[in-house]
Amino acid sequence: MKQNDIVVDVLINNSGIGNWSWFEEQEISFYKKQIDLNITSTVSLTRLFLDQVSKKNTSYLLNVGSLGGRFIIPKKQVYGATKSFISYFTKCLQLEQAGSNVRISLLSPGGINTKPELLVLNHSMKGISQATIMEPEEVAKQAIDGLFRGKKEIIPDTINRLLAVLDKIIPFFIQEWIIRRKLKMIGKKSVSKV
Ligand SMILES: NC(=O)c1ccc[n+]([C@@H]2O[C@H](COP(=O)([O-])OP(=O)(O)OC[C@H]3O[C@@H](n4cnc5c(N)ncnc54)[C@H](OP(=O)(O)O)[C@@H]3O)[C@@H](O)[C@H]2O)c1
């Protein structure tokens with residue numbers, strides 16, 4: 001890019017891999033790859049992007065996090081932690097870049113039907129979990145719209161915004177109680193030991 005005098009005005013850090021598995025079920029190599037892609041590449045590309053942005057024109061950075069980065073969701077242990085990182089990193093950069101020409105947004109979506117295996121998993125969900133699922137086209141539309149309007153955090157869909165508010169007001173011990181009940185329902189025996 002530098003060699004060809006190309007200036008990048010918009011960077012969307014979208015690539016990322018998830019998981020839906022107990023911690024012991026994945027190899028270390030999987031977690032290393034996940035951390036590398038979800039965290040290291042986002043930090044590296046952001047660093048390169050900020051180095052070359054124009055001082056005159058407005059530039060835009062969108063980091064794709066997840067609502068999963070806010071909630072403690074068993075079976076998403078490392079994935080959720082990488083998305084918490086993205087949230088902290090992005091909110092910190094917003095403060096550091098305040099007053100500059102760079103608009104920085106965090107996208108925090110709930111579940112999205114992006115591929116067949118997620119479609120199957122999402123269809124198996126019930127109640128509120130099912131209601132939070134969105135189609136990728138709608139998430140993309142809200143993300144781009146929010147980015148160009150300079151929104152700090154974009155949480156697509158009302159129900160997901162409501163969940164984010166509930167997360168702030170419901171004490172963690174109640175959330176933990178709900179999670180333990182869910183875990184018992186899906187048969188994770190070790191929860192009864194704690
Ligand atoms: N789907 C959801 O329910 C959901 C919910 C919240 C947040 N998100 C976030 O949204 C983003 C997109 O997710 P998605 O559901 O669209 O996933 P996806 O369909 O699996 O797409 C993942 C993207 O990451 C790229 N990628 C995967 N491994 C890579 C690697 N080793 N090196 C470079 N690029 C790689 C893929 O590139 P190729 O196409 O070239 O393989 C693809 O563009 C992720 O950051 C994810 O965490 C997803």
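Okay, here's what the table says:
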| read-out | value |
| --- | --- |
| Residue selected from segment 88-109 under the condition touching a residue at least 24 places away in the same chain (Cβ under 8 Å) and within 13 Å of the chain's Cα centre (by Cα), by the criterion farthest from the ligand (Cβ to nearest atom) | Lys91 |
| Identity of the residue in segment 10-27, more than 19 Å from the chain's Cα centre (by Cα) and surrounded by 12 or more Cβ atoms within 10 Å (Cβ to Cβ), that ends up nearest to Leu50 (Cα to Cα) | Gln26 |
| The listed residue being closer than 29 Å to Glu137 by Cβ and part of a loop (DSSP other than H, G, I, E, B), out of Lys91, Lys75, Lys83, Lys55 | Lys75 |
| Among residues of segment 142-158, those that are closer than 13 Å to Arg103 by Cα, in a loop (DSSP other than H, G, I, E, B) and in contact (Cβ under 8 Å) with a residue 60 or more places away in the chain, counted | 1 |
| Among the candidates Met125, Met185, Met134, residue that is under 16 Å from the mean Cα position of the chain (by Cα) and aliphatic (A, V, I, L, M) | Met134 |
| Answer residue from segment 73-127, given it is of a type in the set (Lys, Arg) and more than 25 Å from Thr46 (Cβ to Cβ) and is most open to solvent (accessible area, probe 1.4 Å) among those | Lys126 |
| Which listed residue, of Lys33, Lys2, is open to solvent by 100 Å² or more (accessible area, probe 1.4 Å), over 21 Å from Lys91 (Cα atoms) and part of a helix (DSSP H, G or I) | Lys33 |
| Candidates Val7, Val78 - the one that is away from the ligand (no atom under 16 Å from the Cβ) and touching a residue at least 12 places away in the same chain (Cβ under 8 Å) | Val7 |
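Yes/no matrix, rows are residues, columns are (1) open to solvent by less than 50 Å² (accessible area, probe 1.4 Å); (2) in contact with a helix residue (DSSP H, G or I) (Cβ under 9 Å, 6 or more places away or on another chain); (3) modelled with pLDDT of 85 or more:
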position: Gly150; (1), (2), (3): yes, no, yes
position: Asn160; (1), (2), (3): yes, yes, yes
position: Val165; (1), (2), (3): no, no, yes
position: Phe173; (1), (2), (3): no, no, yes
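The values are calculated or read from the model by the stated rules, or taken from the named source; none is laboratory data. On a predicted model such as this, the values are computed, not experimentally measured, just so you know. Please note: Cβ atoms are built from the backbone with ideal geometry, for glycine as well, and neighbour counts cover all protein chains shown. Just so you know, the surface numbers come from the protein's heavy atoms only, side chains and all, with ligands and any DNA or RNA stripped out. Shrake-Rupley method; radii C 1.70, N 1.55, O 1.52, S 1.80 Å.
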